[in-house]
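Q: First the structure, which I've put down as C-alpha cells, then a few questions once you've had a look.
The values are calculated or read from the model by the stated rules, or taken from the named source; none is laboratory data. Keep in mind the model is a prediction, meaning the values are calculated, not measured. Glycine also receives a Cβ, built like all others from the backbone with ideal geometry; neighbour counts cover every protein chain displayed. Surface areas here come from the heavy atoms of the whole protein model, side chains and all, with no ligands, DNA or RNA. Shrake-Rupley method; radii C 1.70, N 1.55, O 1.52, S 1.80 Å.
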Amino acid sequence: MTSAATTSALDVLHDVFGYEEFRGQQAAIVDQIVGGGDAVVLMPTGGGKSLCYQIPALVRPGTGVVISPLIALMADQVAALENLGVRAAYLNSSLDFDTAQQVEQQLLAGELDLLYLAPERLVLPRTMRLLEQAQISLFAIDEAHCVSQWGHDFRSDYLGLGVLAERFPDVPRIALTATATPATHAELTERLHLQDAEHFVASFDRPNITYRIEPKASARSQLLNFITTEHHGDSGIVYCLSRRGVDQLAEALVARGLTALPYHAGLPSEVRAQNQARFLREDGIVMVATIAFGMGIDKPDVRFVAHLDLPRSVEGYYQETGRAGRDGLPADAWMVYGLGDVVSQRRLIESGEGDQVFKRRQMSHLDSMLALCETVDCRRVQLLRYFDEESAPCGNCDTCMTPPVTWDATVAVQKLLSAVIRLDRERGQRFGSGQVIDVLRGNDNDRSRSSDHASLSVWGVGDDLSESQWKTVIRQVLARGLLESHGDYGVLVVGENAGPVLRGEEEISLRVDPVKKSGGKKAGSS
Ligand code: ADP
Ligand code: ZN
C-alpha cells in the first residue's frame with residue numbers, strides 16, 4: 001500500500017494527529033475512502049474508528065460530513081479537532097441562528113474539513129440543498145447500527161440516510177459501528193444502500209476486559225463490596241434499568257462516601273451535561289446511569305462497568321461493557337442478575353410497544369442474554385460467537401477462572417414443572433414464583449393457607465431445597481424456556497419445550513450458584 005493516496009494519508013496521520021502508524025485495518029479503510037469507494041466498518045470501541053473518516057476528509061478535497069446522533073458530544077469533538085488545527089464545525093439544534101448561518105457560509109466557502117451533523121438535521125430538505133451546493137468529500141455515518149429497526153439503539157431519523165446514495169452518488173460513504181451482529185450488519189448495509197461497499201470487520205474481542213456475572217442477592221451491597229474491594233477510587237459506570245433506580249442508587253453510593261453522579265433522560269439537560277463533563281474530567285467518579293448514558297463517551301480509563309439490571313440484549317451488554325478499558329489496561333465488566341430480572345424484562349417486552357413479530361424478536365434477544373448469563377462455558381467464547389466469531393476459552397472471565405459446579409437437577413425441575421401444572425389445573429389459576437416455592441417447600445403461611453395449597457398432591461415435594469436454591473432453579477429454568485413468566489405478576493407457565501423433561505426423556509444439569517460471602521445479608525438494602 002504505497003499509493004499516492006496512502007502516502008499523504010500517512011503524512012496527515014503524522015503531522016496532524018501525531019501518530020506513528022495506522023492500526024489494524026485503518027490504512028486499508030482510509031485507502032478505500034480516499035480512492036472514492038464506500039466502506040462498512042465494524043470495529044470495537046477504542047479500535048480507532050474516527051481516524052478512518054477524519055483522515056480521508058483531510059486528504060480529499062471538500063468537506064467531510066459526519067452524521068452522529070450524539071449532539072451532546074459534537075462540541076467536544078469539534079473542539080478536539082480544532083486543537084489539532086483541523087477546520088471543524090457542527091450544526092445542531094443547540095446553535096443560535098447567527099452561528100448556524102456562519103457555519104453554513106464556511107461550508108459553502110470551502111473553509112471546513114469536517115462538519116458534524118445530527119441525522120434529523122441532515123434529512124431536512126434545506127440541509128440537503130445546502131450540501132448539494134457545497135463540495136462534499138465524504139459522508140461518515142457513525143453509530144450506524146442505529147438504523148437497525150430490530151437493534152437496541154434504533155433511531156428513526158437514521159432511516160432517512162439511505163437517500164444519500166441517490167442524492168450524492170459520487171460522494172464516498174463510510175458507515176461505522178462498534179456493535180453489529182451478522183443480522184444487524186446485513187440490515188445496515190441494505191438500509192444505507194451500501195451494497196457496493198467494501199466491508200471491514202475487525203475482531204470484536206476486548207481481551208483486557210474481564211467478564212463476570214454473579215447471582216443477585218442484595219444487589220446494592222454486592223456492588224458496594226465490588227467497588228470498595230476492587231475499584232476504590234476508580235472511574236466506573238453502573239447501569240440500572242429505571243430512572244428511579246438510578247437516583248436511589250446514586251444517593252446510596254454517595255451516602256457510603258463514594259463520588260457518584262446520576263445520569264438519565266429525566267434529568268434537566270444542564271444537570272446531565274454537567275455530570276457528564278465531571279465524569280470525563282475528574283478521576284474516580286462513579287456514573288450511575290440508564291442506558292441513555294455512554295454512547296460516544298470517549299473516556300479511556302473507565303476501569304469498570306457494572307450492571308445491576310439485566311441488559312435487554314447481548315448487543316446492548318457488549319456495547320455497554322465495551323466502555324470499560326478503552327486504554328487497553330485491565331478492566332472489569334461486572335454484573336449481578338437474578339430471577340426478578342428475568343421476570344421484569346419479560347414483562348417489559350410484553351407490555352411494551354410493537355407488534356407480535358417485534359416482541360418475539362425482543363424475547364429472542366433476551367433469551368440470548370440469559371443464555372450468556374447461565375452458560376457454564378467461557379463467557380467470551382459465547383459473547384464472540386454471538387458476533388459470529390469463533391474463539392478459544394479466554395482464561396479471563398469468571399467461568400474460565402472458577403469453572404461453575406453443576407448438578408443433576410432433572411428431578412427438581414420435574415417437581416417444579418409439575419407444581420406449576422397442578423396449580424394451574426387444580427386451582428384454575430396461575431401463580432408467581434413465590435407461591436410456587438411455597439407449594440414445593442410446603443411453606444405454611446397465610447398466603448398458602450388462604451389458597452389451601454396444602455391439599456395439593458405436590459405440597460412439600462421439594463422441601464429438600466432451600467428457598468434460595470429454588471429461586472436459582474426457577475431462574476435457570478426460565479432462562480432455558482422450560483418455564484415462562486407472564487403478566488404484571490410474573491405468573492409461571494410451562495414452556496413449549498418442557499415436554500421431554502416432564503416425560504423423563506431429557507436430563508437437566510444446572511449450575512450451582514457460588515456461595516455468597518458472609519455479612520452480605522446484614523448490609524443488604526436492595
Ligand atoms: P472508536 O471510535 O473506535 O471507539 P477512537 O477513534 O475514539 O475509537 O480511537 C480510540 C483511541 O485510539 C483514541 O484515543 C485515538 O486517538 C487512538 N488512536 C486511534 N488510531 C490510532 C493510531 N493509529 N495510533 C495511535 N492511537 C490511535
Ligand atoms: Zn473465558
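Q: So what does the Cα-only Debye profile of the range 298-450 read at q = 0.11 Å⁻¹, as log10 I(q)/I(0), no solvent term?
A: Treating every Cα as an identical point scatterer, log10 I(q)/I(0) equals -0.62.
Q: Taking every pair of alpha-carbon atoms in the range 276-324, give the share separated by more than 15 Å as a whole percent. Please list the in-between numbers first.
A: Numbers: 493 of 1176 pairs.
That fraction is 42 percent.
Q: Kindly state, to the nearest 0.05, the FRET efficiency for E506 paired with D298, given R0 = 56 Å and r defined as their beta-carbon distance. Please list the in-between numbers first.
A: On the way: r = 48 Å, r/R0 = 0.86.
That gives a FRET efficiency of 0.70.
Q: Hand me the tally of lysine pairs in the chain: alpha carbons under 29 angstrom apart, and the pair either on different chains or 8 or more positions apart.
A: 17
Q: Another question about this same structure. Counting each DSSP H run of 4 or more residues in the chain as -39500 (n - 2.57), what helix-only mean residue ellipticity at 222 nm follows after dividing by all residues, to the nearest 500 deg cm²/dmol? Spell out each step's value before the answer.
A: On the way: 23 runs with 226 residues, N = 526.
That comes out to -12500 deg cm²/dmol.
Q: Simple spin-label model, 7 Å along Cα-to-Cβ: L348 to D11 in nm?
A: 5.2
Q: How about the range 301-360: which GluC sites (Glu not before Pro) there are in a DSSP loop, with at most 11 other Cβ atoms within 10 Å of their Cβ?
A: Values: sites: E315, E320, E350, E353; in loops: E353.
In loop regions of the range 301-360 (DSSP not H, G, I, E or B), the sparsely surrounded GluC sites (Glu not before Pro) are E353.
Q: Let me ask something else. So what is the accessible area of the range 266-379 per residue, in Å², with the probe set to 1.4 Å? Provide the component values of the computation, followed by the final result.
A: Values: 4280 Å² over 114 residues.
It amounts to 38 Å² per residue over the range 266-379.
Q: If you scale each eigenvalue of the Cα gyration tensor by 5 and take the root, what three semi-axes come out for the range 21-180, rounded to whole angstrom and sorted largest first?
A: Working from the Cα gyration tensor, I get semi-axes of 22, 19, 16 Å.
Q: Rounded to the nearest 5, what % of the DSSP beta bridges within the chain are antiparallel ones?
A: Working: 7 of 56 bridges.
Counting only bridges with both partners in the chain, antiparallel ones make up about 10 percent.
Q: Same structure again: Modelling each spin label as a point 7 Å along the Cα-to-Cβ direction, I'd like the R449/D283 distance in nm, to one decimal.
A: A separation of 6.1 nm, rounded to one decimal place.
Q: How big, on average over all directions, is the shadow cast by the Cα convex hull of the range 186-333, in nm²? Provide the component values of the computation, followed by the final result.
A: On the way: hull surface 40.8 nm².
For the range 186-333, averaging the hull's shadow over all directions gives 10.2 nm².
Q: Keeping all protein chains in place, calculate the accessible area per residue for the range 150-196 (probe 1.4 angstrom), answer in Å².
A: Working: 1980 Å² over 47 residues.
Here the residues of the range 150-196 average 42 Å² of exposed surface.
Q: Whole Å is fine, so just give me how far the alpha carbon centre of the range 302-361 lies from that of the range 380-419.
A: 17
Q: Semi-axes of the range 405-520's equivalent ellipsoid from the Cα gyration tensor, sqrt of 5 times each eigenvalue, largest first, rounded to whole Å?
A: 21, 18, 13
Q: Under a point-charge model restricted to the Cβ atoms of Lys and Arg (+1) and Asp and Glu (-1), what is the dipole moment magnitude of the range 1-136 relative to its Cα centre, in debye to the nearest 20?
A: On the way: 7 positive and 15 negative charges, 64 e Å.
Approximately 300 debye in magnitude.
Q: Let me know the Rg and Dmax you get for the chain when you use only its Cα atoms, in Å.
A: 26.0, 85
Q: A further question follows. Could you tally the net charge around P262, taking each other residue with its Cβ under 14 Å from the Cβ of P262, Lys/Arg +1 and Asp/Glu -1? Please list the in-between numbers first.
A: On the way: positive: R243, R244, R272, R278; negative: D247, E251, E270.
Counting the neighbours of P262, the net charge comes to +1.
Q: With no solvent and one equal point scatterer placed on each C-alpha of the range 138-240, evaluate the Debye formula and give log10 I(q)/I(0) for q = 0.12 Å⁻¹, two decimals.
A: Here log10 of I(q) over I(0) equals -0.60.
Q: Another one. Please report the net charge: other residues with Cβ closer than 15 Å to the Cβ of D388, K and R +1, D and E -1. Provide the component values of the computation, followed by the final result.
A: Details: positive: R380, R385; negative: E187, D205, E315, E389, E390.
Around D388, the charge tally is -3.
Q: Over the chain, with every protein chain in place, what whole percent of the accessible area is carbon and sulfur at 1.4 Å, could you tell me?
A: Numbers: 11230 of 23210 Å².
After summing per-atom areas, the C and S share lands at 48 percent.
Q: Kindly sort K216, K359 by accessible area of their heavy atoms, largest first, with the probe set to 1.4 Å.
A: Ranking K216, K359 by accessible area, largest first, yields K216, K359.
Q: Place a label point 7 angstrom from the Cα of L329 along the Cα-to-Cβ direction, then list the residues of the range 252-292 whose backbone nitrogen is under 17 Å away.
A: Hits in the range 252-292 for L329 at 17 Å: 280-286.
Q: Right, something else. Test of the criteria: in the range 106-141, which GluC sites (Glu not before Pro) are in a DSSP loop and have at most 13 other Cβ atoms within 10 angstrom of their Cβ? Display every interim value, and only then the final one.
A: On the way: sites: E111, E120, E132; in loops: E111.
Filter output for the range 106-141: E111.
Q: Measuring from centroid to centroid over Cα atoms, what is the spacing of the range 58-90 and the range 493-515 in Å?
A: The range 58-90 and the range 493-515 have Cα centres spaced 54 Å from each other.
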